[in-house]
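First, the structure itself, so that you have it in front of you.
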Amino acid sequence: MTSIIKNAKSVDEAVAAALTELGVAENMVTVEVLDEGNKGFLGLGGKDASVRVTVNEVSPDEVATEFLKKILSSMNLEADLQLKLEDHVMEIDITGEDMGILIGRRGETLSALQYLTSLAVNRKTEEYYRVIVDTENYKKRREETLKHLAKKLAGNAVRYRRNVTLEAMSPYERRVIHAALQGDPMVSTYSTGEDPNRKVVIVYKGNK
């Protein structure tokens, strides 16, 4: 468990400083007052208060749930969370109205939310957890769309005997394209460029 000692003019100020450094809420810690301190006489001989603040052990699903609820609240979104945790893979499905806002352009907002949730979870747990955040089955639908696109463009590469460069995609989307064409005997793939403008190139093998 993570524990720190903080000194300040008052117990409340010491606790607040500890919470800021630890990056957690007050309901996630145990506070032990080591010294309540005193103001001294006429401001002379005063002594700072001292506290030990210890982060309580929490489960990864509790961390993810609390983090997402704060984010959704800040976005003025009312939603329910359904969480499944198995073999260090955490799948979180968010349901509610106006989920299009949560998805964002081509899933960029959803991907960012997944990334931040993963950081929040793995920052407070000793073991690593893979976090997947989805809503309205978007990722499944997007994956199927990308697979179809990959097959179609691979067909074009073979038909016209030339390489095909796709538009810039997220790391997740590029992985789907690579995986979809991995076993194709007529084409291969690689990524080029720098994020966020990194693209997949479908290579017609007959050009080699």
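The values are calculated or read from the model by the stated rules, or taken from the named source; none is laboratory data. Worth saying up front: this structure is predicted, and the values here are computed from it rather than measured. Cβ atoms come from the backbone with ideal geometry, glycine included; neighbour counts cover every protein chain shown. Accessible surface is based on the protein model in full, side chains and every heavy atom, while ligands, DNA and RNA are left aside. Shrake-Rupley method; radii C 1.70, N 1.55, O 1.52, S 1.80 Å.
Would you mind working out the accessible area per residue for the chain, using a 1.4 Å probe, and quoting it in Å²? Let's see the in-between values first.
On the way: 13060 Å² over 208 residues.
Per-residue accessible area for the chain comes out at 63 Å².
Follow-up question, since we're still on this one. If ligands, DNA and RNA are left out, what is the accessible area of residue 178 with a 1.4 Å probe, given in Å² to the nearest 10?
50
With labels modelled as points extended 7 Å from the Cα through the Cβ direction, what inter-label distance (nm, one decimal) is found for residue 31 paired with residue 13?
1.4
So, taking all protein chains as they sit and a 1.4 Å probe, how much accessible area belongs to residue 195, in Å² rounded to tens?
100
How high is the relative contact order of the chain, given as a whole-number percent (alpha carbon pairs under 8 Å, six or more residues apart)?
After rounding, I find 13 percent.
On C-alpha positions alone, give me the angle between the axis of helix 11-22 and the longest principal axis of the chain, in degrees, nearest 10.
Once rounded, the angle reads 20 degrees.
Applying 1/(1 + (r/R0)^6) with R0 = 45 Å to the Cβ-Cβ distance of residue 116 and residue 48, what FRET efficiency is obtained, to the nearest 0.05?
0.80
On full extension of the chain, what length is gained from residue 66 through residue 163, given 0.36 nm per residue of separation minus the C-alpha to C-alpha distance?
Answer, rounded to one decimal: 30.3 nm.
What are the extents of the Cα atoms of the chain along their three principal axes, listed from largest to smallest and rounded to whole Å?
90, 37, 31
What's the extension gain from residue 178 to residue 125 if we count 0.36 nm per residue and subtract their Cα-Cα distance?
On the way: separation 53, 0.36 × 53 = 19.08 nm, distance 3.15 nm.
Full extension of this stretch gives 15.9 nm more.
Then there's this: What percent do you get for the relative contact order of the stretch 103-208 when only Cα pairs under 8 Å and 6+ apart count?
23
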